[in-house]
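Below is one structure, written out as structure tokens, with a few remarks after it.
Every read-out reported here was derived from the displayed coordinates using simple, explicitly stated rules and does not represent laboratory data. This one's a predicted model, so the numbers in the text were calculated from it and none came from an experiment. Because the Cβ atoms are built from the backbone with ideal geometry, glycine has one as well, and the counts that use them run over all protein chains shown.
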Amino acid sequence: MRLAMRIARTAGVASAILMAVFLLFAGVFAATGNAPAAMVFRPPGSPSSLPDGVKLLRWGSAFAIVRGDSPDYVRRLYANGALLVLPFRKSGCLAYRPA
């Protein structure tokens, strides 16, 4: 029983750390908007309801891949009802390559 509780506690801590990292990425991305594209979790409504200046690259039931003309497009996505917006790069959101 103790082993199961230790495993559950470790899994809980790992999940909390992972969620904190994703929220940190989302916060920095909302402030800068600096990425070639964005992955929007729970996109607002339909593709036609995206904010002005946001171009649709891919649409799914749980997420959408978009890109914007200006750095504030991420904040406009949140204002439009997006749950979470993360930077999207071909090699993953953690791949950072300076311009």
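Each eigenvalue of the Cα gyration tensor of region 2-88, multiplied by 5 and square-rooted, gives one semi-axis; in descending order these are 31, 14, 9 Å.
Helix 2-32 axis versus longest C-alpha principal axis of the chain: approximately 20°, rounded to the nearest ten. With contributions of -39500 (n - 2.57) from each DSSP H run of at least four residues, the per-residue ellipticity at 222 nm computed over the chain stands at -13000 deg cm²/dmol.
For the chain, the relative contact order comes to 32 percent (Cα pairs under 8 Å, sequence separation of at least 6). Basic side chains Lys and Arg get +1 at the Cβ, acidic Asp and Glu get -1 at the Cβ, and with that the dipole of the chain about its Cα centre reaches some 440 debye.
Taking the Cβ-Cβ separation of Val13 and Arg67 as r and a Förster radius of 35 Å, what is the calculated FRET efficiency to the nearest 0.05?
Values: r = 35 Å, r/R0 = 1.01.
Once the sixth-power term is evaluated, E becomes 0.50.
Label separation (Asn34 vs Asp52): 2.7 nm, computed from points 7 Å beyond Cα along the C-beta direction.
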